[in-house]
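Chemist: Dumping the structure here so I can ask a few things about it.
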Amino acid sequence: MDILSVVGILLGLVAILGGAIAKGSSIGALWNLAAFLIVVIGTLGATLVQARVPVFLHALRIFPWVFVPANLDARAMIERIVGWSLLSRKEGLLGLENASDVEEDPFLRKGLQLLVDGVEPQSLRQILESDLDSREAFDLQGAKVFESMGIYSPTLGIIGAVMGLMAVMQNLADPSMLGHGIAAAFVATIYGVGLANLFFLPVSNKLKGIVQARVNYQVMLLEGLISIAEGENPRNIENKLSGFIQG
């Protein structure tokens, strides 16, 4: 569990709700069904128009990464790669076949299979880099879906506020309706700007950072597999891959 994501969202809610109370308003005043429909449903609609179906569905699949990112233990993986290097020096590349069969990571499993098949290091690099680039681009497209929501929601909030003020203007003859009507109109702006800056944009940026960390991790795997293919000394492989460890 990424505790920072949970704490960040909770602090954002506390800031909005606590700020409303401190300003003499109430939590109930922040709820308005019409504003919610305009901002949330409108933002979703605009995003659906922009995104392709596979990209939108992928964005939903990677959203949990914000709270439960994959455990990328670089140190443990380096130990495994060094172990495979030692094994290949003793038994040849065919000795990695069992490791390939039981590997769960699709990227790593493919790399091991290519090693077992005796693919040349240069061809191995080209194949794995192609897979890496394709996956990175697709993951970033998913992250940008939330970035798009963060762009659209403030505009929908303004539209909601204008529509609310239009309704107020129709009731100028009834002064008792003005204060409540104006307050409700600006709730849409709070929804739009708040969702963008406290949720959609932070989620997008968090996902982009996770994608970059995954890419760095997979580049380390790629370099390790190529080093094995080239028959490098296991000690040299360990020293080379240690440079990828972050934090």
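The values are calculated or read from the model by the stated rules, or taken from the named source; none is laboratory data. Because the structure is a prediction, the values reported are computed rather than measured. As a convention, Cβ positions derive from the backbone with ideal geometry for all residues, glycine included, and neighbour counts pool all protein chains shown. Only protein heavy atoms, including side chains, enter the accessible area calculation; ligands, DNA and RNA are left aside. Shrake-Rupley method; radii C 1.70, N 1.55, O 1.52, S 1.80 Å.
Chemist: Taking the criterion of being open to solvent by less than 20 Å² (accessible area, probe 1.4 Å) and at pLDDT below 95, would at least one residue in region 199-208 satisfy it?
Modeler: There is no residue in region 199-208 that is open to solvent by less than 20 Å² (accessible area, probe 1.4 Å) and at pLDDT below 95.
Chemist: Also: Check S130 against each of (1) within 21 Å of R214 (Cβ to Cβ); (2) surrounded by 12 or more Cβ atoms within 10 Å (Cβ to Cβ); (3) small (G, A, S) and name the one condition it does not meet.
Modeler: Going through the list (1) within 21 Å of R214 (Cβ to Cβ); (2) surrounded by 12 or more Cβ atoms within 10 Å (Cβ to Cβ); (3) small (G, A, S), S130 breaks only (2).
Chemist: Within region 67-95, track down each residue that is in contact (Cβ under 8 Å) with a residue 24 or more places away in the chain and either acidic (D, E) or assigned to a helix (DSSP H, G or I) (or both).
Modeler: To start, the set of residues in region 67-95 that are in contact (Cβ under 8 Å) with a residue 24 or more places away in the chain comprises 67-70, 72, 74-75, 77-78, 81-82, 84-86, 88-89, 93.
A74, R75, M77, I78, I81, V82, W84, S85, L86, S88, R89, L93 - these are the residues of region 67-95 that are in contact (Cβ under 8 Å) with a residue 24 or more places away in the chain and either acidic (D, E) or assigned to a helix (DSSP H, G or I) (or both).
Chemist: Residue under question is I245, and the condition is that it be over 30 Å from A15 (Cα atoms) and touching a Lys or Arg at 6+ places or on another chain (Cβ under 8 Å); does it hold?
Modeler: yes
Chemist: Also: Go through S5, S25 for me and flag whichever is more than 20 Å from the chain's Cα centre (by Cα), hydroxyl-bearing (S, T, Y) and surrounded by 11 or more Cβ atoms within 10 Å (Cβ to Cβ). Walk me through how you get there before you give the answer.
Modeler: Values: S5 fails: more than 20 Å from the chain's Cα centre (by Cα).
Among S5, S25, only S25 is more than 20 Å from the chain's Cα centre (by Cα), hydroxyl-bearing (S, T, Y) and surrounded by 11 or more Cβ atoms within 10 Å (Cβ to Cβ).
Chemist: Cβ contacts < 6 Å: first residue touching a residue at least 40 places away in the same chain (Cβ under 8 Å) and open to solvent by 50 Å² or more (accessible area, probe 1.4 Å), restricted to region 152-170; second residue of a type in the set (D, E, K, R) and outside any helix (DSSP H, G or I), any location; separation 6+ or different chain. Result?
Modeler: Close Cβ pairs satisfying both conditions: none exist.
Chemist: What residue, of L115, L172, is more than 30 Å from G209 (Cβ to Cβ) and assigned to a helix (DSSP H, G or I)?
Modeler: On the way: L172 fails: assigned to a helix (DSSP H, G or I).
Answer to the selection: L115.
Chemist: Going by the structure shown, is E120 over 19 Å from the mean Cα position of the chain (by Cα), under 21 Å from N236 (Cβ atoms) and without any contact (Cβ under 8 Å) to a residue 12 or more places away in the chain?
Modeler: Against the criterion (over 19 Å from the mean Cα position of the chain (by Cα), under 21 Å from N236 (Cβ atoms) and without any contact (Cβ under 8 Å) to a residue 12 or more places away in the chain), E120 does not qualify.
Chemist: Within the set of pairs 6 or more residues apart or between chains, which connect a residue that is among the polar types (S, T, N, Q) inside region 185-210 to a residue that is open to solvent by 40 Å² or more (accessible area, probe 1.4 Å) with Cβ atoms less than 9 Å apart?
Modeler: T189/I158; S204/K144; S204/E147; N205/E147
Chemist: Here is a check on your reading of the model: is E97 touching a helix residue (DSSP H, G or I) at 6+ places or on another chain (Cβ under 6 Å) and open to solvent by less than 70 Å² (accessible area, probe 1.4 Å)?
Modeler: Spelling it out, it is not the case that E97 is touching a helix residue (DSSP H, G or I) at 6+ places or on another chain (Cβ under 6 Å) and open to solvent by less than 70 Å² (accessible area, probe 1.4 Å).
Chemist: Here's another thing I want to ask about it. Would you say G45 is without any contact (Cβ under 8 Å) to a residue 12 or more places away in the chain, out of contact with any Cys (no Cβ under 9 Å at 6 or more places or on another chain), loosely packed, with under 15 Cβ neighbours inside 10 Å and in a helix (DSSP H, G or I)? Before you say what the answer is, go through the steps one by one.
Modeler: Numbers: without any contact (Cβ under 8 Å) to a residue 12 or more places away in the chain: yes; out of contact with any Cys (no Cβ under 9 Å at 6 or more places or on another chain): yes; loosely packed, with under 15 Cβ neighbours inside 10 Å: yes; in a helix (DSSP H, G or I): yes.
So G45 fits the description; yes.
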